[in-house]
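Here is the structure we will look at, set down as structure tokens.
The values are calculated or read from the model by the stated rules, or taken from the named source; none is laboratory data. Remember, predicted model here, so these are calculated numbers, not experimental data. For neighbour counting, all protein chains shown are included, and Cβ atoms are generated from backbone atoms with ideal geometry for every residue, glycine included. Note: accessible area is taken over every heavy atom of the protein model, side chains too, but ligands, DNA and RNA are not part of it. Shrake-Rupley method; radii C 1.70, N 1.55, O 1.52, S 1.80 Å.
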Amino acid sequence: MSDTTVAIPTDMNALLSEPQAAALMGLSRFTLRNKRLEGHGPRHIRIGRNVRYRRVDLEVFIEQHAQVVA
């Protein structure tokens with residue numbers, strides 16, 4: 001990941017850009033993009049050529065993929 005700080009909106013219905021979504025998830029943009037292209041990533045919205053992620057969808061994806069270590 002780059003050292004650039006990305007502002008992440010707190011509104012759960014906000015549409016996040018790929019860099020914002022990747023930062024929220026702790027992934028690189030390229031990993032997030034690959035997960036999307038492989039069909040294993042969080043729900044996304046395509047607006048023309050742009051891909052956006054609703055913050056609520058990212059939070060749900062994170063919760064669904066959380067692993068509890070005993």
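A few remarks follow.
- Close contacts from segment 45-59, counting a first residue that is aromatic (Phe, Trp, Tyr) and a second that is assigned to a strand (DSSP E or B), with Cβ to Cβ under 8 Å and a gap of 6+ residues or different chains, come to TYR53/LEU15; TYR53/LEU16; TYR53/ILE45.
- The residue that is nearest to the chain's Cα centre (by Cα), among those in segment 16-70 that are open to solvent by 60 Å² or more (accessible area, probe 1.4 Å) and of a type in the set (Asp, Glu), is GLU63.
- Selection within segment 32-70 - out of contact with any Gly (no Cβ under 9 Å at 6 or more places or on another chain) and assigned to a helix (DSSP H, G or I): ARG36, LEU37, GLU38, ARG55, VAL56, ASP57, LEU58, GLU59, VAL60, ILE62, GLU63, GLN64
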